[in-house]
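Structure, as structure tokens:
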């Protein structure tokens, strides 16, 4: 009996040891080895992506997460270059008629879709018509649209009713999925205006699988013919060196960082800015500070008192110290900078002195005085924000403190995002809301959809909002760069005069990569063509 | 016995129906707008109205309720607003890691908790007993998310024995899937073990005072046999009850651990559904959890009959 028990325990112990060995020996992500012999091709690049896309249809959403992933699969007729100028991409060339209303666009003849068929005018026309109908930027252009016609297999002619200065900028815009991308006509006929669940693009990567909340898997499109131009962002030459590109959805910041440290991921976005020194001291990790990235704004609800009065809005601006706010909201100075312009330095639409000295001019005495003149009755100002975004939730508290110092009564209300997006769409129930706008907007006209009479959530509807609309109308039809730049300057001045939003500061994002990731270009959107794994 | 089971199964229907109605009302009362989330920050009112019409959100509450109830009665939980798939399919596709995680958590709980409880009872009022109680208290008190992060830092980041997060299904990774579940399993199991240790200790203490234990000792049986065959077996009824409930709690309560370790289970599904107001998934998840509790209760009741032949159901 004793002998039997002894043998049993030996067998059980051996089984346990074997199991443990088997468990620790099972490799999680074997196959990430690339060719180490100087050949750049090969390997599986795994990205820890913080945000999860609800679907992958870039036309039907303004959620930039979707574009960030799918612009590896879909490409535009035009893409922006390093100066944020639209340059032909799937288009070979284009010309604009003298009256500024007709675009004749020649298409590249070597472009293949992932199903092997060649891209022709018919596909561009079908894609354009869908984009006009379902995309926000398309909706803006639609009132000016007259026709799109094929002139042979590789030329399309787009006619507008009047000059539309930002037309090509919108077609190439990376902001809020405004970009016009080309999809096969058959795919468009299959889905019409419904959200697409199949994806066939022209990009260097083709979609393999999408499991919502878990991963998006792509592989190299072997028959891709790159554009011969200088690469930048989404424009120019794009080469898929890695065999597979896998975006794993990892919402927890600590998990993204830990996974990167252990080598499970090659790349992680939205890393903790306050730990940058630790990452810089890690020999296995590269850090990338993304700049320009975003701008922080206070959105003012002008639909009711007290901010329907310009004087109260101006008083608020004089109450705010942007530098102090940047320190408390973002922290380390490497991650933010003060900028009065609504475009970052270096951008073709940057206006360095459009604020007339009013940006970041904290003057509590003047603020108190103006507030008194405005007849503010002490109604609590509700700052409505989401608690999920650390910059915004910290900002709400910092702004509360600064506003209270000059005599405002402030009530900070932090909810989950779903509640906030619903509440801020109402006229009542809130006064201020912190939001972020993407810095590399290709064109100032983008703001026309957000700033003006009853645009977005501002509930601005008075003579001044009408004046703002008028500025955007002039900006829309002015095709001369210098004349248009003067209008952009005028818009900045009027923005600082009327204060529909309060511009706080520009800030940057921290991304991390393993040192094995080579060739990564630190563009505002993370792009994984022209990168390879050196493992 | 069969009649009893059939009757209990029939009782499932009203319970689930009540849960479904409560779930519908709650999801419709809480603030939040899935359409605005779905279309992004800068969607126009026209785009939002079009999507609301497509999803039927433009209908008044009572019309939506009647049509939804009609579908529920037919067993159709509807389609997820975000996942482009039916709710039942979404839940089923997330079951594997949740069930495996609950089983591993439970096993770890039993392996640590029951021996610890027995030891504490046998060594009653000694230092060992006191230490076991302190350990159990610590186990209950440590927040599972904290333990999860600590385990990850030590065993995944520093030692590199396990992956930090994520999950690969059996179909892809085979037995390798267990690498993803050991740390989360321990995080869950520690709390279970603490509960089980306390329950086992008190059940064993009750049994050890019984006359038949004294008789067994009087007739000269070895202490090991008295503990394992006579005492532990008789202490099993309360332990099984606790095990049943803790299994239900594990299946329906792995939310935090799944979220921390980024495991795509039913808990993580429910959490993300709540955050983005995916109403059909929230309702489906509530019904799913209710179903687990009812079924586990039934299984526990039936198992009494097998463990204690004196228990018979009619």
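Annotations
- Checking residue B:276 against (1) farther than 29 Å from residue B:202 by Cβ; (2) not assigned by TED's automatic domain parsing to the domain that holds residue B:6, the condition it does not meet: (2)
- Yes/no for residue B:241 being over 24 Å from residue B:89 (Cβ atoms), assigned by TED's automatic domain parsing to the domain that holds residue B:112, without any contact (Cβ under 8 Å) to a residue 60 or more places away in the chain and more than 12 Å from the chain's Cα centre (by Cα): yes
- Hey, residue B:79 touching a strand residue (DSSP E or B) at 6+ places or on another chain (Cβ under 6 Å) and surrounded by fewer than 19 Cβ atoms within 10 Å (Cβ to Cβ) or not: yes
- Residue satisfying all of: in region A:398-411; in contact with a strand residue (DSSP E or B) (Cβ under 7 Å, 6 or more places away or on another chain) and surrounded by fewer than 17 Cβ atoms within 10 Å (Cβ to Cβ); nearest to the other protein chains (Cβ to nearest Cβ) among these: A:411
- Any hit, region B:284-307, residues being buried (at least 20 other Cβ atoms within 10 Å of the Cβ), within 14 Å of chain A (Cβ to nearest Cβ) and closer than 30 Å to residue A:50 by Cβ: yes
- Looking at A:515, A:502, just one residue is surrounded by fewer than 20 Cβ atoms within 10 Å (Cβ to Cβ) and either outside the structural domain of residue A:240 (by TED's automatic domain parsing) or over 22 Å from residue A:82 (Cα atoms) (or both), and that residue is A:515.
- Odd one out for residue A:159 among (1) in a strand (DSSP E or B); (2) buried (at least 17 other Cβ atoms within 10 Å of the Cβ); (3) in contact (Cβ under 8 Å) with a residue 40 or more places away in the chain: (2)
- Note on region A:425-435: residues that are more than 9 Å from chain B (Cβ to nearest Cβ) and either in contact with a strand residue (DSSP E or B) (Cβ under 6 Å, 6 or more places away or on another chain) or surrounded by 21 or more Cβ atoms within 10 Å (Cβ to Cβ) (or both) total 5.
- Some residue of region B:60-80 being facing another protein chain (nearest Cβ under 9 Å) and more than 26 Å from residue A:415 (Cβ to Cβ): no
- Every residue from region B:263-289 that is over 14 Å from residue B:80 (Cα atoms) and touching a strand residue (DSSP E or B) at 6+ places or on another chain (Cβ under 8 Å): B:264
- Meeting the requirement of 1 or more residues that are under 32 Å from the mean Cα position of the chain (by Cα), within 19 Å of residue A:137 (Cβ to Cβ) and at pLDDT 50 or above, the strands (runs of 3 or more DSSP E) wholly within region A:1-99 are A:78-80, A:86-88, A:91-96.
- Which numbered condition residue B:213 fails, given (1) within 14 Å of chain A (Cβ to nearest Cβ); (2) over 21 Å from residue B:304 (Cβ atoms); (3) in a helix (DSSP H, G or I): (1)
- Residue within region A:481-489 that is on the phi < 0 side of the Ramachandran plot and not in a helix (DSSP H, G or I) present: no
Conditions (1) farther than 30 Å from residue B:260 by Cβ; (2) within 14 Å of chain B (Cβ to nearest Cβ), marked per residue:
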{"position": "A:172", "(1), (2)": "yes, no"}
{"position": "A:194", "(1), (2)": "yes, yes"}
{"position": "A:219", "(1), (2)": "yes, no"}
{"position": "A:229", "(1), (2)": "yes, no"}
{"position": "A:240", "(1), (2)": "yes, no"}
{"position": "A:248", "(1), (2)": "no, yes"}
{"position": "A:263", "(1), (2)": "no, yes"}
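- Lone qualifier among A:388, A:372, A:422, A:353 - being within 14 Å of chain B (Cβ to nearest Cβ), in contact (Cβ under 8 Å) with a residue 12 or more places away in the chain and surrounded by fewer than 21 Cβ atoms within 10 Å (Cβ to Cβ): A:388
- Top-ranked residue in region A:124-146 [being more than 20 Å from residue A:189 (Cβ to Cβ) and touching a strand residue (DSSP E or B) at 6+ places or on another chain (Cβ under 9 Å); ranked as nearest to the other protein chains (Cβ to nearest Cβ)]: A:141
- Test: residue in region A:68-83 that is within 11 Å of chain B (Cβ to nearest Cβ), touching a residue at least 60 places away in the same chain (Cβ under 8 Å), touching a helix residue (DSSP H, G or I) at 6+ places or on another chain (Cβ under 8 Å) and surrounded by 24 or more Cβ atoms within 10 Å (Cβ to Cβ): no
- Residue list for region B:32-57, filter: surrounded by fewer than 13 Cβ atoms within 10 Å (Cβ to Cβ) and in contact with a helix residue (DSSP H, G or I) (Cβ under 8 Å, 6 or more places away or on another chain): B:46, B:56
- So residue B:15, is it in a helix (DSSP H, G or I) and free of Cβ contacts under 8 Å to residues at least 60 places away in the same chain: no
- Any hit, region B:165-187, residues being more than 12 Å from chain A (Cβ to nearest Cβ), crowded, with 24+ Cβ neighbours inside 10 Å and more than 16 Å from residue B:259 (Cβ to Cβ): no
- Count of region B:248-261 residues, restricted to those that are at pLDDT below 90, within 13 Å of another protein chain (Cβ to nearest Cβ) and assigned to a loop (DSSP other than H, G, I, E, B), is 0.
- Taking region B:30-87 as the range and being under 29 Å from the mean Cα position of the chain (by Cα) and either outside the structural domain of residue B:275 (by TED's automatic domain parsing) or on the phi > 0 side of the Ramachandran plot (or both) as the test, the residues that pass are B:32, B:75, B:78, B:84.
- Candidate set: region B:114-128, residues that are surrounded by fewer than 17 Cβ atoms within 10 Å (Cβ to Cβ) and in contact with a helix residue (DSSP H, G or I) (Cβ under 8 Å, 6 or more places away or on another chain); chosen: the one farthest from the other protein chains (Cβ to nearest Cβ): B:124
- Among the candidates A:232, A:191, A:210, the residue that is in the same structural domain as residue A:244 (by TED's automatic domain parsing) and over 29 Å from residue A:440 (Cβ atoms) is uniquely A:191.
- Taken together, the residues in region A:450-469 that are more than 14 Å from chain B (Cβ to nearest Cβ), assigned to a loop (DSSP other than H, G, I, E, B) and surrounded by 16 or more Cβ atoms within 10 Å (Cβ to Cβ) amount to 1.
- Any hit, region A:360-375, residues being in contact with a strand residue (DSSP E or B) (Cβ under 6 Å, 6 or more places away or on another chain), in the same structural domain as residue A:431 (by TED's automatic domain parsing) and closer than 19 Å to residue A:507 by Cβ: no
The values are calculated or read from the model by the stated rules, or taken from the named source; none is laboratory data. This one's a predicted model, so the numbers in the text were calculated from it and none came from an experiment. Cβ coordinates were reconstructed from backbone atoms using ideal geometry, including for glycine residues, and neighbour counts include every protein chain displayed.
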